Amino acid sequence: MSEQKKVLGVYGAASSHWVGDGFPVRTVFPSAGVRELSPFLMLDYAGPVRFEPSSRPRGVEQHPHRGFETVTIAYQGSVDHRDSGGNSGTIHPGDVQWMTAASGVVHEEKHGKDFTARGGDFEMVQLWVNLPAAQKMSKPRYQGILNAEIPRVEFGAGAYARIIAGELNGVEGPAKTFTPVNVFDVRLEPGGKAELHLPAGQNSALVLLRGEIAVNGSATLKGAAQIAPLSPSGETVAIEAKAESLVLVLSGEPIHEPVASYGPFVMNTQAELRQAVEDYQAGRLGRL
Ligand code: MN
């Protein structure tokens, strides 16, 4: 019998803040409770919030990134992305945008035109995934992953996982990653149960976006934007839903390298951060 991972704590997000005029987010980590979860750098949960119809797309005007990846998961509403590498795309509910900034991009993130005109409920996650030093200056990449391309693992009545990246029960997710990373979108009806196998030695966490779950028969997460980091030891975690629940499961091999970050840049040293700012200001990260 494989050993269960231990729940290391349950932490709520701090108060919400706006990113641009389109994303009212709660930062689930880093926080006082979860300072470090390498290779994951940050997770913002936007919404759920209702937007009225508008003629002008809300969002974040053009800004740079270097040294990591931004992963946007759409639950409700849509997001348009356009970057200096010439990539663009719109993601809708169930779709994922896996954007590798690497050596650098300038991009803008706006509500989709369809959503802007129609209005409605908006709910997204943006996850930042670090890159190893050897790949920080590699070529930028964009993966627009459609809902239909994301395979499911069913756990029985009222519970399934969508495998965005990595592998569960032999089912592989479509996202290409630079280091071993598992990202599962787990959806449970009340009473639904899921047992997940996560590799020992990885950093992992359960993020409850909304709902109520019991983890390993004991720890309870309830409400919105809660995180439960799990022990690297052990290989399984059991979730039981007390209400309809949306859980994002993260697990990844830690990158044992120094992290130097400044706003939208995540490098290994202060000198590399200064270079990133200089390159951006000189237009070397490209333009839209
Ligand atoms: Mn961005």
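Radius of gyration (Cα atoms) of the range 15-281, expressed as a multiple of 2.2 N^0.38 Å: 0.97. A convex hull fitted around the alpha carbon atoms of the range 27-161 yields 142 Å³ per residue. Helices in the chain, meaning DSSP H runs of at least 4 residues, each add -39500 (n - 2.57). Divided by all residues, the mean residue ellipticity at 222 nm is -2000 deg cm²/dmol. For the range 160-175, the Karplus equation 6.51 cos²θ - 1.76 cosθ + 1.60, evaluated at θ = phi - 60°, returns couplings of 8, 10, 9, 8, 7, 9, x, 8, 9, 6, x, 9, 9, x, x, 5 Hz by residue, with Gly and Pro reported as x. Summing Cβ point charges (Lys, Arg +1; Asp, Glu -1) relative to the Cα centre of the chain gives a dipole of roughly 420 debye. Net charge around L230, counting only other residues with Cβ within less than 12 Å of its Cβ (Lys, Arg = +1; Asp, Glu = -1)? Around L230, the surrounding residues sum to 0.
How big, in percent, is the set of alpha carbon pairs in the range 181-267 lying more than 20 Å apart? Tail of the P(r) past 20 Å holds 38 percent of the pairs. When you count the other C-beta atoms within 10 angstrom of each residue and take the mean per peptide, 236-249, 3-16, 275-288 line up highest first as 236-249, 3-16, 275-288.
Annotation: average projected area of the range 124-228 is 7.9 square nanometres, based on the convex hull of Cα atoms across all directions.
Could you give the distance between the Cα centres of the range 227-288 and the range 138-202, to the whole Å? What the calculation gives is 18 Å, centre to centre. Other residues with beta-carbon under 11 Å from the beta-carbon of E244 carry, at +1 per Lys or Arg and -1 per Asp or Glu, a net charge of +1.
Around W98, what is the net charge, scoring Lys/Arg as +1 and Asp/Glu as -1 over all other residues with Cβ under 11 Å from its Cβ? Every neighbour counted, the sum reads 0.
All of the numbers you see were taken from the coordinates with simple rules; none came from a lab. Just so you know, these numbers come straight off a predicted model, no measurement behind them. FYI the Cβ positions are ideal-geometry reconstructions off the backbone, even for glycines, and counts take in every protein chain you see.
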